[in-house]
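Beneath this line is the structure, given in structure tokens, with notes to follow.
None of the figures in this text is laboratory data; all of them are computed from the coordinates on show. Predicted model only: the values in this text are computed from it and were never measured. No Cβ is skipped: glycine too gets one built from the backbone with ideal geometry, and neighbour counts run over all protein chains shown.
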Amino acid sequence: MPTISGVLVRPEAPADYAAIAAITEAAFGKAREARMVEAIRASDGFVPELSLVAEDEAEIVGHILLSYVSLEEDSRRLLELGPISVRPDRQRTGIGGALVRAALAIADERGEPLVLVLGHPSYYPTFGFRPASGLGIVPPDGIPDEAWMAITLSAYRPELRGRVVFPPAYSVEA
């Protein structure tokens, strides 16, 4: 797995769960996203090798999760990035970027066609994300187009189109 400034990116382990929850809650300022990570882990959309941590001197400082969402009226599933969390005192140091690049590389190696994200429109384009609507991938209702993005990977085919349906794990209460 890659490293950045001594930070190792690796798959999460059960021993990391408490640290991941603490970092996620601290990064978002509320517990909802930490509960969402737990719900995704317990769902059939969870992909263990796409739940990565950033570790610095045996301490977890970041986490990223890619999991499956469905296409409406289609049996195909696509990967969605999120949540991604970096400990507040380590934000803006490249850890989030290292996590994104590592997760995208693994997704590409797995033969996934693309990765979706509901995220900040000025951050994710730096990794190659662009509006998913331009690819014919429509978000669930109520999501603004500028925040709904995708990055195509090696296995992408333009006929992949449709409206995304988020799984129940995404609906955890605040």
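Would you kindly state how much longer the chain becomes between Arg32 and Glu49 on full extension, computed as 0.36 nm times their sequence separation minus their alpha carbon distance, in nm to one decimal?
3.8 nm
Express in whole angstrom the spacing between the alpha-carbon centres of the stretch 45-123 and the stretch 18-32.
The two parts, judged by their Cα centres, are 16 Å apart.
Could you tally the net charge around Ser51, taking each other residue with its Cβ under 14 Å from the Cβ of Ser51, Lys/Arg +1 and Asp/Glu -1?
The answer is -4.
Sum up the charges of everything whose Cβ sits under 13 Å from the Cβ of Leu135, counting Lys and Arg as +1 and Asp and Glu as -1, but leave Leu135 out.
+2
HN-Hα J couplings of the stretch 158-169 from phi, Karplus 6.51/-1.76/1.60, θ = phi - 60°, integer Hz, Gly and Pro as x?
After applying 6.51 cos²θ - 1.76 cosθ + 1.60, I find x, 6, 6, 8, x, 9, 7, 10, 6, x, x, 4 Hz.
Please report the Cα spread of the chain along all three principal axes, rounded to whole Å, starting with the longest.
Per principal axis, max minus min of the Cα coordinates gives 45, 33, 27 Å.
Projected onto the charge dipole of the chain (+1 at Lys/Arg Cβ, -1 at Asp/Glu Cβ, origin at the Cα centre), which of Gly29, Pro144, Gly6 gives the Cα projection farthest towards the positive end?
My answer, from the dipole projection, is Pro144.
Rounding to the nearest 20 debye, state how big the charge dipole of the chain is about its Cα centre with +1 on each Lys and Arg Cβ and -1 on each Asp and Glu Cβ.
Using Cβ point charges on Lys, Arg, Asp and Glu, the chain gives about 260 debye.
If amide hydrogens are placed 1.01 Å from N in the peptide plane, which non-local residues have theirs closer than 5 Å to the one on Glu12?
Answer set, sorted by chain and number: Ser51, Leu52, Val53.
Out of the stretch 107-154, which chymotrypsin sites (Phe, Trp or Tyr not before Pro) are coil in DSSP terms and have no more than 15 other C-beta atoms within 10 Å?
The qualifying sites are Tyr123.
Under a Cβ-Cβ cut-off of 12 Å, what is the net charge of the residues other than Met36 that fall near it, where Lys and Arg count +1 and Asp and Glu count -1?
-1
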